[in-house]
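Structure first, commentary second.
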Amino acid sequence: MAGKTTATADINLTENESLVNINFAMNAEAIIALSMSSDKKPGILAGNPYPNPANDFLNIRLNVPSSKTAEIEIIDMQGRVIHTDKTLLQNNNLLQVETGNLSKGIYMLRINIAGYQPVIRRFAK
């Protein structure tokens, strides 16, 4: 840009950092980094959903304490959340999601549990 001062910023992300938020302030002279934070929530060990393609129900095993509540979202390929539900995980940590009302297609299953990174898995109906 003619007559404008520009600067280059290098941002390095590693496998150990799950999420990095960088806030910027912009003025006519430069971009100034204001703050940077890191979200270091533990991950959830989760299997692949089955059966895939799904019939009336989709199952997925999670490795979290059984006293946790799971928030479940089914998202279509256009990014629309088409189903939400909450359930208390049982002793075997098997989560069962009703999928009988879905049309044939590809979907994303997002599982949110407080204090953990979300689990996202793709499945077909």
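Whenever a residue of the stretch 102-125 is touching a residue at least 24 places away in the same chain (Cβ under 8 Å) and of a type in the set (S, T, N, Q), its partners that are assigned to a strand (DSSP E or B) and buried (at least 16 other Cβ atoms within 10 Å of the Cβ), lying with C-beta atoms within less than 9 angstrom and at least six residues away or across chains, give the pairs Asn112/Ala70; Asn112/Ile72; Asn112/Glu73; Asn112/Val119. For the stretch 73-98, a residue qualifies if it is under 16 Å from Ile120 (Cβ atoms) and touching a residue at least 40 places away in the same chain (Cβ under 8 Å), and exactly one does: Val97. Report yes if some residue within the stretch 59-68 is closer than 16 Å to Lys41 by Cα, crowded, with 18+ Cβ neighbours inside 10 Å, within 16 Å of the chain's Cα centre (by Cα) and touching a residue at least 60 places away in the same chain (Cβ under 8 Å); otherwise report no. No - not one qualifying residue is present in the stretch 59-68.
For the stretch 78-123, the set of residues classified as assigned to a loop (DSSP other than H, G, I, E, B), hydrophobic (A, V, I, L, M, F, W, C) and more than 13 Å from Leu58 (Cβ to Cβ) consists of Leu89, Ala114, listed by residue number.
All of the numbers you see were taken from the coordinates with simple rules; none came from a lab. As the structure is a prediction and not an experimental result, all values here were calculated from the model. Please note: Cβ atoms are built from the backbone with ideal geometry, for glycine as well, and neighbour counts cover all protein chains shown.
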